[in-house]
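What follows is a short report on a single structure.
No value in this document is a laboratory result; all are computed from the given coordinates. Worth saying up front: this structure is predicted, and the values here are computed from it rather than measured. FYI the Cβ positions are ideal-geometry reconstructions off the backbone, even for glycines, and counts take in every protein chain you see.
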Amino acid sequence: MLKQRIITALILLPIALCGFFLLEGAGFALFIGLVVTLGAWEWARLAGFEKQPARIAFAAVVAGLLFFLYLTPGLAPFVLGAAVLWWCLATFLVLTYPRTSEHWASLACKLLIGLLILLPAWQGLVLLKGWPLGNWLIMTVMVLVWGADIGAYFTGKALGKRKLAPQVSPGKSWEGFYGGLVTSLLITLAIGLVRDWGVGQMLAGLVGAAIVVAISVVGDLTESMFKRRSGIKDSSNLLPGHGGVLDRIDSLTAAVPVFAVLLWAAGWGVM
């Protein structure tokens, strides 16, 4: 399994880096759209579609909506606003699972939730790409999330005792969460020192990083919640040794739109 994971990572990493940082404009939107469309195909299975035609049809609908959003950039604030509302609700649903799971158990509701997860993630990345220092912004949100994941893994392994969300993901602990949060805050502190931020900027950056990391954990737990409800271990087998696309981007689907909204609120870019 480890060998398979390494081989897959070595193949995908250069493709991902080139797509994220070398493509511009429509090419970048199309590249991210392909990833999101694959995620939609996987989400359809989590929602309850077992047959391939239905899963492909949902993925096609998502692709069509992405194209529509590309043609109507004025909708971006509404898309990202809907994402913020959804991730606040998702936090409640994760914390109250399985008691509240019946409220979103219908096929229509799960498909709608899939749209609220996938479309804003694409929209957020497309916006970030077009803002000043776009590539650096994308790298920053990724490093924050990856740093939190790494910090949480090692801290949880060493100190984890209190379960974060035992009904959703028994392996995650509060100690791991705090370790991941501290890791990302240290990364933010280092960035601030390198960029010579003032005290106000530093405090705002640390608070923003804490929010992004916290919501990225909710993104991870939300997919775990839907997989647990569906009795599915991995979203698919598209990435040998890694599971599916959603299994790799679940934290980012939550972190990216929230990160974009926070930057916009701080006056970084224009929606």
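Only lysine pairs 8 or more places apart or on separate chains count here, and in the stretch 2-265 those with Cα atoms under 19 Å apart total 11. Note that the stretch 259-264 has calculated 3J(HN,Hα) couplings of 4, 5, 5, 5, 5, 4 Hz, one per residue in order, obtained from phi through the Karplus relation 6.51 cos²θ - 1.76 cosθ + 1.60 (θ = phi - 60°); glycine and proline are x. Couplings for the stretch 250-257, taken from phi via the Karplus curve 6.51 cos²θ - 1.76 cosθ + 1.60 with θ = phi - 60°, read 4, 5, 5, 4, 8, 5, 4, x Hz in order; Gly and Pro are left as x.
Shown here: the chain, whose C-alpha atoms stretch 55, 49, 40 Å along the first, second and third principal axes, sorted largest to smallest. Under 5 Å from the amide H of Gly243 lies no amide H of any residue 5 or more positions distant or on a separate chain, with H modelled from the backbone and absent for Pro and chain starts. For the chain, the relative contact order works out to 25 percent when only alpha carbon pairs closer than 8 Å and six or more residues apart are counted. Backbone amide hydrogens, once placed in the peptide plane, bring Lys172 within less than 5 Å of Leu164, Ala165, excluding anything fewer than 5 places away on its chain. For the pair the stretch 143-162 and the stretch 92-142, the centres of their Cα atoms are 22 angstrom apart. Taken over the alpha carbons of the stretch 118-271 as equal point scatterers, the Debye sum produces base-10 log I(q)/I(0) values at 0.13, 0.17 Å⁻¹ of -0.63, -1.02.
With K and R counted +1 and D and E -1, the other residues having a Cβ less than 15 Å from that of Thr155 yield a net charge of +3.
3J(HN,Hα) along the stretch 196-206, derived from phi through the Karplus expression 6.51 cos²θ - 1.76 cosθ + 1.60 where θ = phi - 60°, amounts to 6, 5, x, 4, x, 5, 5, 5, 4, x, 5 Hz, with x in place of Gly and Pro.
Hey, how many Å between the Cα centroid of the stretch 217-271 and the Cα centroid of the stretch 188-212? That distance is 24 Å.
Between amide H atoms placed 1.01 Å from N, distances below 5 Å from Gly269 occur with Trp264, all of them 5 or more places distant or on a separate chain.
Rounded to the nearest 0.05, what FRET efficiency do Ile56 and Ser106 give with R0 = 25 Å and r taken as the Cβ-Cβ distance? Could you check? Plugging the Cβ-Cβ distance into 1/(1 + (r/R0)^6) gives 0.70.
For the stretch 190-271, a/c is not less than 1.5, where a ≥ b ≥ c are the root eigenvalues of the C-alpha gyration tensor, and a/b tops b/c. That puts it in the prolate class. Positive-end ranking of Gly151, Gly81, Ser184 along the dipole of the stretch 2-265, with charges on Cβ about the Cα centre, is headed by Gly151.
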